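Some notes on the structure that comes next.
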Protein chains: 2
Amino acid sequence: MRDQARPGEAGILARLLSHLPPGGPGGAASIEVGPGDDAAVLSLPSSRMVITTDSMVEGYDFLTHATTPAWIGHKTAVQNMADVAAMGARPLALVSAVSTPEDTPVEWFEQVTIGLTRRAARDGAQLVGGDLGRADQCTLTITAVGALEHGEEPVLRSGARPGDVIAIGAPLLGRSAAGLTGVLSDRVEMDPTGVVLVDPGLDPELAEELREMVGWHNAPDPDLSLGWTTGRTAHAMMDLSDGLVRDGSRIAAASGVLVDLASDLLAPDVDALRPVADCLGADAWEWVLHGGEEHAMLAAFGEGEVPEGFRPIGRVLSRAEQGHSGYGDSDGPRVLLDGEPIAGAGFDHFD
Amino acid sequence: MRDQARPGEAGILARLLSHLPPGGPGGAASIEVGPGDDAAVLSLPSSRMVITTDSMVEGYDFLTHATTPAWIGHKTAVQNMADVAAMGARPLALVSAVSTPEDTPVEWFEQVTIGLTRRAARDGAQLVGGDLGRADQCTLTITAVGALEHGEEPVLRSGARPGDVIAIGAPLLGRSAAGLTGVLSDRVEMDPTGVVLVDPGLDPELAEELREMVGWHNAPDPDLSLGWTTGRTAHAMMDLSDGLVRDGSRIAAASGVLVDLASDLLAPDVDALRPVADCLGADAWEWVLHGGEEHAMLAAFGEGEVPEGFRPIGRVLSRAEQGHSGYGDSDGPRVLLDGEPIAGAGFDHFD
């Protein structure tokens, strides 16, 4: 017998569909067939499609007691759209596969969908389809697509050249890592409505900063449009998902170069985070160098060509330029700080 | 310290990438940027994209002891490509998000990828990107995309008209359900290499049939190309994923009609399954009418227009045509057998 509170797959879908576009033009892609058939049909602005997929899993990528369904939807949208943006393309459409325990309230699905669709809409992208299924843990997998117009080249990780400037499309790094440290500490709690409660013994200004960082961790909100606007002039670009050192190493490896971060250019980030770091007994440099889930655009530009929205944080060096033997080899460091190796390695799901 | 058997995310990815296309033309879509960057870039044959997503979750959509990783990959590819095919479009590219427990052997990922890419390649589709992450249960989410050429209309669920013939693009229905019953019975076991061991007390011919049905359940292999070839003349089409009655109801609801299945046209399916059904103490009619995961094309064609690859299994009736009150209402039956209501309702993840 069916529980009154359990509307079944069709009932959940009906409720979610009220938050989705009905089909027809809207957003940057025109929806010929929206949700409800076997698949969605979209008219893209060009036939050159950009596509990426990414999952968030309860207990690994989010903690139910420390975030809200709307933030989970928002964050998964950002993660995926950032990957499209990092190719120099604008995200246009998303599909979403959601697997949950049987007793998950319909409001959970609805809030995830609201968080996802609202964040996507801000960049003109629309949720056009999805799948519901069962699992022991809540799992949300988004696929995002965008398009490159005829003649537009994708911005790859492999184009960085010695002499380039490494720049980041964010005013402040390390907030997501700081927020995560906060979430895992005993100074922060979340009430069931998503209000972040900070240890009342803290200085009010510090408490407010910590609250903001937890919010940023749960729902990072970088300017993704930099990817398909000023970032298109980059020689190489990716989104900062696993930390400056690990992601910088990816650009360095793909481009056959070294990335040399400049401590004086990152010092303002560290200074901004230090009061909260001290309060939590953490290292602000660790957050700035190794903190992931920022999803800001990390790019290499020609000297003197760093565009609006980006700020320099280092340089690209040739391998030969660097005297120390082993730098840039498969096992040697590819990312340096003021010319010296950096401890730590960022985040690896299977390490 | 890293275990020798645990190659880390980068190591697993490197091993998987050896099974993926290197970029460049190949398959029906041309890959401008393959796996390894933030997102893949594809040249589709047109800018009208078809997209769908679907997950398989351990314990709900497959049982680890009763299938193999290669079959899981195959089945998830089929599920997703069937949804694209059911719109009348050819699947071109897939992305795959895989979440697993930390101790999942790299061979598991590799076998899933092999199963997926081989089945996809048979229809000209390519795996172009993916995501790896952690979860308590193995979860595989595929997104499939295809394209409709300029002027090609998608085949929707909503176009069935009274007088149409309901047809299925499969020689035999119910095999997947029969295989599932076998898997859940004590007459079938799987050895770790994926060999299906059937109760040695069974008649050898029956044992062979049961083995084939288990294989079909784990790796259904319908002719998906019917969707983008002869099936394009259908008035309505979908893939058979949740059973003839439930999926037929969807076409009926979307089209505002009734579907009347003909027992004499389904009798050969039932007869073919009956020996195995009797052996397992099951009802072959239940398998044929309610068994899901066949992924064959279910379509409505004009009278006398059922094309090659399809066979008639019923008719489309207008609601008014049917004397019984309540038929086709939101709560009334939309699918009949020889004009009478059918017990049971197919599969609902949240029922």
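Just so it is clear, none of the values below were taken in a lab; they were calculated from the coordinates. These figures come from a predicted structure and were not determined experimentally. With ideal geometry, Cβ positions are generated from the backbone for all residues, glycine too; neighbour counts draw on all protein chains shown.
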- Helix B:263-280 versus the longest principal axis of chain B: what is the Cα-based angle in degrees, 0 to 90, to the nearest 10? 50 degrees
- Between copies, how close do the B:Glu149 label points come, placed 7 Å along Cα→Cβ, listed in nm from shortest? 2.8
- From the square roots a ≥ b ≥ c of the eigenvalues of the alpha-carbon gyration tensor of segment B:8-148, which class results: rounded (a/c under 1.5), prolate (a/b over b/c), or oblate? oblate
- Query: Peptides B:121-133, B:181-193, B:149-161: what's the order by average Cβ count within 10 Å, highest mean first?
  - Reply: B:121-133, B:149-161, B:181-193
- Query: Helix B:175-184 versus the longest principal axis of chain B: what angle, 0 to 90°, nearest 10, using Cα atoms?
  - Reply: 60 degrees
- Query: Label-to-label distances across copies for A:Glu102, with labels 7 Å out along Cα→Cβ, in nm, shortest first?
  - Reply: 3.1
- Row for segment A:131-202, column shape: gyration tensor on C-alpha, a ≥ b ≥ c, rounded if a/c < 1.5 i.e. under 1.5, prolate if a/b over b/c, else oblate; value oblate
- Query: Under a point spin-label approximation (7 Å from Cα along Cα-to-Cβ), what is the A:Thr233-B:Asp186 distance to one decimal in nm?
  - Reply: 7.5 nm
- Residues of B:99-107, mean number of Cβ from any other protein chain within 10 Å of their own Cβ, rounded to a whole number? 2
- Task: Measure off 7 Å from each Cα along the Cα-to-Cβ vector at B:Glu149 and A:Asp203, then give the distance between these two points in nanometres to one decimal.
- Result: 7.0 nm
- Please say if chain B is rounded, prolate or oblate, where rounded means a/c under 1.5 for a ≥ b ≥ c the square roots of the C-alpha gyration tensor eigenvalues, and otherwise the choice is prolate for a/b larger than b/c and oblate otherwise? oblate
- Average partner chain C-beta neighbours within 10 Å, per residue of B:149-160? 2
- Message: Check which residues have an amide H placed less than 5 Å from B:Arg90's amide H, if you skip close sequence neighbours.
- Response: B:Ala147
- Note on the structure: Inter-chain shielding metric for A:87-97, i.e. average beta-carbon neighbours from other chains within 10 angstrom, reads 4
- For the protein assembly as shown, what does -39500 (n - 2.57) per DSSP helix run (n ≥ 4), summed and divided by total residues, give at 222 nm, in deg cm²/dmol to the nearest 500? -9500 deg cm²/dmol
- When each copy gets a label point 7 Å from Cα toward the beta-carbon at A:His19, what are the spacings between them in nm, shortest first? 3.4
- Item | Antiparallel bridges, percent of DSSP beta bridges restricted to segment B:8-148 (to nearest 5) | 70 percent
- When the Cα centres of segment B:176-228 and segment A:183-197 are compared, how far apart do they sit, in Å? 50 Å
- Karplus-derived HN-Hα couplings along segment B:297-314 (A = 6.51, B = -1.76, C = 1.60, θ = phi - 60°), whole Hz, x at Gly and Pro: 7, 10, 9, 10, 10, x, 3, x, 10, 5, x, 3, x, 10, 9, x, 9, x
- Which whole-number percent is the relative contact order of segment A:165-213 (Cα, under 8 Å, 6+ apart)? 34 percent
